[in-house]
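The values are calculated or read from the model by the stated rules, or taken from the named source; none is laboratory data. These figures come from a predicted structure and were not determined experimentally. Note: ideal-geometry Cβ built from the backbone for every residue, glycine included; neighbour counts use all protein chains shown.
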């Protein structure tokens, strides 16, 4: 059994940030990663992806994003930054190491397919994108066309000349629908629930800056102040089939752990009629989709942009009380009730996920040093 003072599970942005922060605090961390590269989930994102947060506020502790990067870096630029970050901090993950179980004996024992590791501290940093969610819809297994999760979408190639339904109106769903529309694909988006939509930039500043400035204030107050601005920017979206959430964006993030749609052009395409809006799915009959209002439509392909589960329950069989009903950590970035057990990067943040990951990593390093 290999031993260390701290074990970090995952070599995505949260794992790299934790390893660097622990290193700065004098800890030597063992980083375990089941893939063969850092930031493997980021490499799978669709081609047109750019950060929705400004590069100046998206760097991890100890190394800012390069100044020559654009305001909103591309997927490939972000991946290159993570690679440079690992090299800069001399982080050498144990690649090809799949964690199967974490137990508390005298210390924490991390069982993997490459043997067991032991440490006083364990940090889970596996990220949101662990297990794709596939909705249980009547007839979905017998859909006559092509069906895939947003995780497997790269670009509009292969969809031209087809009629495509995107299920889900989070940031992946909204941007994939935009990508298809811009390529001339006949696309509709299925929106089951009321939505919040915020612009990426407001009055010449990234929306992230506004979120950072408003963070000290009560959620209800911030949402009340922002509501008229949302209406001014978006107009009345109900006439396009989008219902407005009764919760403001900040309240939604805090209570539901759900980021609003950060609009980079999707709403404009909807208003132009280039992206159709449909209700939630009721059932699927062959190539025909039946919606909740009883209308039906034939599609060649369905892309499920229905998110992920960060389900850690199988990895923590004896400590399920630190997880919610879906297996996601109840706390992120601070000590749990079990000494030496930490989670990083599991709570959505209005001020930007990478920025929040950096803050949490530093907090975890301080907690271990206390």
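Points to keep in mind about this one:
- Residue in the range 61-74 that is assigned by TED's automatic domain parsing to the domain that holds residue 365 and at pLDDT below 95 present: no
- Taken over the range 83-127, the criterion of being in contact with a helix residue (DSSP H, G or I) (Cβ under 7 Å, 6 or more places away or on another chain) and at pLDDT below 95 is satisfied by 127 alone.
- Taken together, 120, 112, 97, 126 contain a single residue that is buried (at least 18 other Cβ atoms within 10 Å of the Cβ) and in a strand (DSSP E or B), which is 112.
- Those helices (runs of 4 or more DSSP H) of the range 153-272 in which at least 3 residues are buried (at least 21 other Cβ atoms within 10 Å of the Cβ) and in contact with a strand residue (DSSP E or B) (Cβ under 7 Å, 6 or more places away or on another chain), considering only elements entirely within it, cover 171-182, 266-271.
- Filtered residues of the range 46-88 (kept if part of a loop (DSSP other than H, G, I, E, B), over 18 Å from residue 129 (Cβ atoms) and out of contact with any strand residue (DSSP E or B) (no Cβ under 7 Å at 6 or more places or on another chain)): 59, 61, 62, 64, 65, 66, 67, 68, 69, 70, 71
- Selection within the range 283-302 - assigned to a strand (DSSP E or B), touching a helix residue (DSSP H, G or I) at 6+ places or on another chain (Cβ under 9 Å) and farther than 15 Å from residue 192 by Cβ: 285
Matching residues to (1) under 19 Å from residue 351 (Cα atoms); (2) surrounded by fewer than 18 Cβ atoms within 10 Å (Cβ to Cβ); (3) at pLDDT below 95:
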| position | (1), (2), (3) |
| --- | --- |
| 16 | no, no, no |
| 19 | no, no, no |
| 24 | no, yes, no |
| 31 | no, no, no |
| 37 | no, yes, no |
| 51 | yes, no, no |
| 55 | yes, no, no |
| 58 | yes, no, no |
